[in-house]
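Participant: Below is a structure I'd like to ask you about.
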Amino acid sequence: MVESAPVIGADHALTPTLSRKRKRGDERMIPLLHIPPQALFGQLLLGLINGAFYAMLSLGLAVIFGLLNIINFAHGAQYMLGAFCAWFLLNLAGVGYWPSLVIAPIAVALFGIVLERAFLRWIYRLDHLYGLLLTFGLAIIIEGLFRQQYGSSGQPYSIPPELTGVWNLGFMFLPIYRGWVIAASAVVCFGTWFLIERTRLGAYLRAATENPVLVQAFGINVPRMVTLTYGFGVGLAALAGVLAAPIYQVSPLMGSNIIIVVFAVVVIGGMGSILGSIVSGFALGLVEGLTKVFYPEASSTVIFVVMAIVLLLKPAGLFGRAA
Amino acid sequence: MMFHRVLGLAAVGCLVAAAAQAQISDDVVKIGVLTDMSSLYADIGGKGSVVAAEMAVKDFGGKVAGKPIEVVSADHLNKPDVGANIARQWIDQDHVDAIVDVPTSSVALAVQDVTKEKDRVFLISGAASSDLTGKSCSPTGVHWTYDTYALAHGTGSALVKQGGDTWFFITADYAFGHALERDTSAVVKAAGGKVLGAVRAPLNTPDFSSFLLQAQASKAKIIGLANAGGDTINSIKQGAEFGIVQGGQRFAGLLVFISDVHSLGLQTAQGLVLTSAFYWDQNDATRAWAKRFMAETNKVPTMVQAGVYGAVTHYLKAIAAAKTDEGKAVVAKMREIPINDFMTHNGKLREDGRVMRDIYLFQVKSPAESKYPYDYYKQLAVIPADQAFRPLSESECPLVKKG
């Protein structure tokens, strides 16, 4: 090998700055603290991509909590089911990524609807704690079953051929698939917000949470609407799962790894606030991304630090209305 | 009359002598498999380690020194406090005589303290930190399968020899990662290479892209992955996404298990150079054992699980020979008896607790080279025990008497 092997796929413009800085003193901290702005853009973009997952997952949680008053702890398991559904479709039925993007969320949403009809509808009137415990228990059972069968290492799922490769953005090389994730997530988040806050259907939904009896008196089938809403929230989780499958391994653990962070995001945004969950999802992705550059050791904790600070200053969350 | 009385006394005397000899506490030898059952290392040790321990007990006949052998297991959740608490409870209340496996170094260091204090045997298969036989060594601690020193001297020096003289580490931010980074850096520097930097990633990180980008920007020829299990899988998988290998950089998976390779698939994992104490397809003995293991678990055994089998077997042999299950006495016997099993040939337990065994340098095959299920590795070299492990002259272990 030659002394400094040319690296295709990395930014040559960064090299002189980095290596000059590195020559002074300790090699570990210097390049990170003096990171050039262009490299920082790259890291921010990566943070935004992780934020896209947080946003999509916390959005589903917010919809379910806002309209059903259920703290859906099974959300992580449903995200995992979405990814596994795509994997099953590929390996058992030969169905590729694009159809899976539609089929898997619908299949998992149907499963969610069955859960809602069988279990959740009995506990709407009880304390939040019951819903939390029930969904938490369901999540443990589902994840346990998958772990028993598939182990912890995960199954490989390839990036669809249309989306392999990288884009040269000047300041970094972005895998096309990650670009697609951010676009898809933005569309889904905006669409959901629009549906709930700006359409007649959304107005019915919001009215039904305020006063179900009155809305029912107007001839609207509220229980069915609630069931479908839960299905929709679960479907969002599954969609995030399919989008995540090619990036992470399709693993029984993928849900439990992310769900606690997502709950922190929801709490920061304000429980049940649609806009809050979207904005804080993306924002916390950025915060986490920056932490990974400046103090990587804290990157798994920073979101909880933010949560603690927000709760101290604004107990209802950034976008939440005080009860 | 007289004759009968003498005979009677003699018989009683024999009984007393036998009882004094076979000192098995609580009339049972209890082995506790403490491992990761639910998180990123569950496929490395986990249920497979429990199965391996049970196989060893069954093959030994289910009894040692006339007393039954029992296997219990628990999940340490990769948390040192949880692991230490389970170890205490096992020893104090459940009469566990030996603790086995513990695939997480931070937990193993905590359990090492507990077993040392309470004079119980600790058979370490999964944990890697070379500190377990260094400054944290114990008279009852046995580091069975491999360690970070061996990994560094296997994979690390092989890659430096192939021209990989500049390194950047992505390190799991706890005892194991730190030890592996330290031991590998020493090898790289000793061979004239340079370490350009390192980034410490929290354990069980799902997204490595940020760290990969930092590694890419460092321009190091080799990106050393001082992590394991799910973390290694995600690093390599996402590294492929960011074109690390096409860019001319190379991954050094410093600790890669066959379960990781299986999960990644050969397409992504091909060409990786790795160090292991065991591969199922090495010879007839390893194949025969692996076949039995696979029949029980449907999974290919990792070196950690194979090591659990060997460690438990040797432990039971020592109890049979020493006729006691008292910690220090058993380990002293384990040192006397040479270690021979399907993966160990004339191994020896050293005074610092290190098991001296040959280890192997493998390379992951390409999809075209792989002919049958789990046909994943080709062997590049055998690293003899005295080169694989830290010599006693460099040991920081207080038990080692320096001449």
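Participant: Regarding B:SER106, is this residue touching an Asp or Glu at 6+ places or on another chain (Cβ under 7 Å), part of a helix (DSSP H, G or I) and at pLDDT 95 or above?
Facilitator: Answer is no for this residue.
Participant: List pairs: first in region A:242-267 and touching a residue at least 24 places away in the same chain (Cβ under 8 Å), second aliphatic (A, V, I, L, M) and assigned to a loop (DSSP other than H, G, I, E, B), Cβ under 6 Å, 6+ apart or cross-chain?
Facilitator: Going by the 6 Å Cβ cut-off, the qualifying pairs are A:PRO246/A:ILE159.
For (1) crowded, with 20+ Cβ neighbours inside 10 Å; (2) at pLDDT below 95; (3) more than 20 Å from the chain's Cα centre (by Cα); (4) away from chain B (no Cβ under 11 Å), each residue gets a yes or a no:
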| position | (1), (2), (3), (4) |
| --- | --- |
| A:ALA107 | no, no, no, yes |
| A:ASP127 | no, yes, yes, yes |
| A:GLY144 | no, yes, yes, no |
| A:ARG147 | yes, yes, yes, no |
| A:ILE159 | no, yes, no, no |
| A:GLU162 | no, yes, yes, yes |
| A:GLY165 | no, yes, yes, no |
| A:PHE173 | yes, yes, yes, no |
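Participant: Could you check region A:262-299 and list, in sequence order, the residues that are buried (at least 24 other Cβ atoms within 10 Å of the Cβ), more than 8 Å from every other protein chain (Cβ to nearest Cβ) and closer than 27 Å to B:GLY177 by Cβ?
Facilitator: Scanning region A:262-299 gives A:VAL262, A:LEU284, A:GLY285, A:GLU288.
Participant: Just one of (1) more than 21 Å from B:VAL308 (Cα to Cα); (2) in a loop (DSSP other than H, G, I, E, B); (3) in contact with a Leu (Cβ under 9 Å, 6 or more places away or on another chain) trips up B:ASP352, so point out which.
Facilitator: (1)
Participant: So B:SER209 clears everything in (1) more than 11 Å from chain A (Cβ to nearest Cβ); (2) modelled with pLDDT under 95 except one condition, right? Which one?
Facilitator: Every listed condition holds for B:SER209 apart from (1).
Participant: Take the residues in region B:109-123 that are over 12 Å from B:GLY83 (Cβ atoms) and in a strand (DSSP E or B); name whichever of them is nearest to the chain's Cα centre (by Cα). Spell out the reasoning first.
Facilitator: From region B:109-123, those over 12 Å from B:GLY83 (Cβ atoms) are B:116-121, B:123; that's our starting set.
Still in the running and in a strand (DSSP E or B): B:121, B:123.
Numbers: B:VAL121: 15, B:LEU123: 9 Å.
In this case the residue turns out to be B:LEU123.
Participant: Out of (1) within 28 Å of B:GLN305 (Cα to Cα); (2) within 11 Å of another protein chain (Cβ to nearest Cβ); (3) surrounded by fewer than 24 Cβ atoms within 10 Å (Cβ to Cβ); (4) at pLDDT 95 or above, what's the single condition that is false for B:VAL187?
Facilitator: Tallying (1) within 28 Å of B:GLN305 (Cα to Cα); (2) within 11 Å of another protein chain (Cβ to nearest Cβ); (3) surrounded by fewer than 24 Cβ atoms within 10 Å (Cβ to Cβ); (4) at pLDDT 95 or above, B:VAL187 fails exactly one: (2).
Participant: Determine the pairs where a residue that is assigned by TED's automatic domain parsing to the domain that holds B:TYR309 and surrounded by 24 or more Cβ atoms within 10 Å (Cβ to Cβ), located within region B:79-107, has a partner that is of a type in the set (S, T, N, Q) and assigned to a helix (DSSP H, G or I) with Cβ atoms under 8 Å apart, the partner being 6 or more residues away or on another chain.
Facilitator: B:ALA87/B:THR115; B:ASP97/B:SER25; B:ILE99/B:THR115; B:VAL100/B:SER49; B:ASP101/B:SER49; B:PRO103/B:SER49
Participant: Considering only region B:364-403, state which residues are crowded, with 16+ Cβ neighbours inside 10 Å, touching a residue at least 60 places away in the same chain (Cβ under 8 Å) and within 20 Å of the chain's Cα centre (by Cα).
Facilitator: Listed by number, the residues that qualify are B:TYR377, B:ILE383, B:ALA388, B:PHE389, B:ARG390, B:SER395, B:CYS397.
Participant: Is it fair to say A:GLY219 is surrounded by fewer than 24 Cβ atoms within 10 Å (Cβ to Cβ), away from every other protein chain (no Cβ under 14 Å), more than 16 Å from the chain's Cα centre (by Cα) and touching a residue at least 12 places away in the same chain (Cβ under 8 Å)?
Facilitator: Working: surrounded by fewer than 24 Cβ atoms within 10 Å (Cβ to Cβ): yes; away from every other protein chain (no Cβ under 14 Å): yes; more than 16 Å from the chain's Cα centre (by Cα): yes; touching a residue at least 12 places away in the same chain (Cβ under 8 Å): no.
So A:GLY219 does not fit the description; no.
Participant: Of all the residues that make up region B:219-237, how many are more than 7 Å from chain A (Cβ to nearest Cβ) and either among the β-branched types (Val, Ile, Thr) or in a helix (DSSP H, G or I) (or both)?
Facilitator: Within region B:219-237, residues that are more than 7 Å from chain A (Cβ to nearest Cβ) and either among the β-branched types (Val, Ile, Thr) or in a helix (DSSP H, G or I) (or both) number 6.
Yes or no, residue by residue, for (1) without any contact (Cβ under 8 Å) to a residue 12 or more places away in the chain; (2) surrounded by fewer than 22 Cβ atoms within 10 Å (Cβ to Cβ); (3) among the polar types (S, T, N, Q):
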residue	(1), (2), (3)
B:VAL195	no, yes, no
B:VAL199	no, no, no
B:ASP207	no, no, no
B:PHE211	no, no, no
B:ALA217	yes, no, no
B:ALA220	no, no, no
B:GLY224	no, no, no
B:GLY229	no, no, no
B:ILE233	no, no, no
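Participant: While we're on this one: Here is a list of conditions, (1) modelled with pLDDT of 95 or more; (2) within 11 Å of another protein chain (Cβ to nearest Cβ), and B:ALA152 meets all of them except one; can you say which number that is?
Facilitator: (2)
Participant: Could I ask something else about it? Taking the conditions exactly as written (out of contact with any Cys (no Cβ under 6 Å at 6 or more places or on another chain), over 19 Å from A:LEU253 (Cβ atoms) and at the interface with chain A (Cβ under 9 Å from one of its Cβ atoms)), does B:ILE244 satisfy them or not?
Facilitator: In short, yes.
Participant: If you check A:LEU90 against the conditions, is it more than 19 Å from the chain's Cα centre (by Cα), of a type outside the set (Ser, Thr, Tyr) and over 11 Å from A:TYR230 (Cβ atoms)?
Facilitator: Values: more than 19 Å from the chain's Cα centre (by Cα): yes; of a type outside the set (Ser, Thr, Tyr): yes; over 11 Å from A:TYR230 (Cβ atoms): yes.
Yes.
Participant: Yes or no: A:GLU288 charged (D, E, K, R), touching a residue at least 60 places away in the same chain (Cβ under 8 Å) and under 18 Å from A:LEU46 (Cα atoms)? Give the derivation first.
Facilitator: Working: charged (D, E, K, R): yes; touching a residue at least 60 places away in the same chain (Cβ under 8 Å): yes; under 18 Å from A:LEU46 (Cα atoms): yes.
Criteria met by A:GLU288.
Participant: Within region A:295-323, can you find the residues that are touching a residue at least 12 places away in the same chain (Cβ under 8 Å), over 14 Å from B:PRO202 (Cβ atoms) and assigned to a helix (DSSP H, G or I)?
Facilitator: A:VAL306, A:MET307, A:VAL310, A:LEU311, listed by residue number.
Participant: Is it the case that region B:158-166 has a residue that's in a strand (DSSP E or B), within 14 Å of chain A (Cβ to nearest Cβ) and of a type outside the set (D, E, K, R)? Full working, then the answer.
Facilitator: Step one: list which residues in region B:158-166 are in a strand (DSSP E or B), which gives B:166.
Okay, now just the ones that are also within 14 Å of chain A (Cβ to nearest Cβ), so B:166.
Then keep just the ones that are of a type outside the set (D, E, K, R); that gives B:166.
Yes - at least one qualifying residue is present in region B:158-166.
Participant: Another one. When you scan region B:143-157, how many residues do you find that are in contact with a helix residue (DSSP H, G or I) (Cβ under 6 Å, 6 or more places away or on another chain), in a helix (DSSP H, G or I) and among the β-branched types (Val, Ile, Thr)?
Facilitator: Total satisfying the criteria: 1.
The values are calculated or read from the model by the stated rules, or taken from the named source; none is laboratory data. Please read all numbers here as calculations on a predicted model, not as lab measurements. Here the Cβ is made from the backbone with ideal geometry for all residues, glycine too, and neighbour counts use every protein chain on show.
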